[in-house]
Amino acid sequence: MIPPEVRELAETPDRYTATTPGFTERIERGRFVIMQAPHWASVSGVETDDVEATVAETRELTAGRSKIWWLGPSTRPADLEERLRAMGFRDPPDRAVDLVAMATVVPPDAPEGVDVRRVETLEEYIEASELRWEAFGAPEQRREEERAGFENAYRRTKEAGAVVYYVAYLDGRPAATGSCVVSPRGLLLFGGATAEWARGRGLYRALVRARWDEAVARGTPALVVEADPRTSEPILRSLGFVEVCRLRRLEDPG
């Protein structure tokens, strides 16, 4: 049984998680919440009686940024998606239109023999970044930009204390990575990536268990995640995660 506060975290994590170094501001209006980065923003938790005015307000607050709206079962009005599409909203360019908000409050199983370490050094932080680049096919220009700012990004991450990174090793080689954002209600999982040569050996499961142990150590024994139904949802279900709700993502072209 997933507690109500964990369900809320899973549906609208931007409202409850710590602000990570990649974001510049959280704007909480009650009727919606915005998380802003330098070039993009997310809008979630929308409950409004005036859709047009809310769209105009969010556009003003996020001027100059690309915008993704997240719609869940708590979104109001109930026909918000149809009304937004009538205003020109469209599927996001990454094609991740539908995600599954999932949660667990029981310890997930983990395989033996996988060495999972919490990232504590700049070298380990770089290893985690390189694993994500390879897994997600990051373009070389983005890699060069991130390399130039590694030391500053690592320092800001350590100072903020909002994100915890892990790297899993096989035969002494960095093979997979996973991250989480902290909150008083549990941890939000993100950034899972496994090197192609190491897939099928339980690394994903080991990283989920490591983050569960982190949640327990913090006194917030719950994990939530926004899973892709095409990839991570099946394995998360096998680890005891249950569906909280379905989420729809829309891009605001305004």
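Coordinate-derived values only; no laboratory data. Computed from a prediction, not measured in an experiment: that's the story for all the values here. Here the Cβ positions follow ideal geometry from the backbone for every residue, glycine too, while neighbour counts run over all protein chains shown.
Each listed q (0.19 Å⁻¹) maps to a log10 I(q)/I(0) for the stretch 115-221, found by the Debye formula over equal Cα scatterers with no solvent: -0.98.
Using a cutoff of 8 angstrom between alpha carbon atoms and counting only pairs six or more residues apart, the relative contact order for the stretch 115-221 works out to 28 percent. With contacts taken as Cα pairs under 8 Å at a separation of at least 6 residues, the chain carries a relative contact order of 29 percent. Remark: the stretch 225-239, residue by residue, has Karplus-estimated 3J(HN,Hα) of 7, 9, 9, 7, x, 8, 10, 7, 4, x, 5, 5, 4, 5, 8 Hz, where x stands for each Gly or Pro and the curve is 6.51 cos²θ - 1.76 cosθ + 1.60 at θ = phi - 60°.
In degrees between 0 and 90, to the nearest 10, how far off the longest principal axis of the chain does helix 51-61 point, with axes built from Cα atoms? That works out to roughly 60 degrees.
Residues within the reach of a label modelled at A86 (point 7 angstrom out along Cα to beta-carbon, backbone nitrogen below 12 Å), restricted to the stretch 39-65, are 51-52.
Per-residue packing, averaged as other Cβ atoms within 10 Å, sorts the ranges 38-44, 12-18 into the order 12-18, 38-44, beginning with the highest. Across all C-alpha atoms in the chain, the radius of gyration and Dmax reach 18.4, 57 Å. Taking the Cα centroid of the stretch 161-192 and of the stretch 24-102, what is the distance between the two, rounded to the nearest whole Å? If you average the Cα positions of each part, the centres end up 27 Å apart.
Most simply put, the chain has about 85% antiparallel DSSP beta bridges, counting only bridges with both residues inside it.
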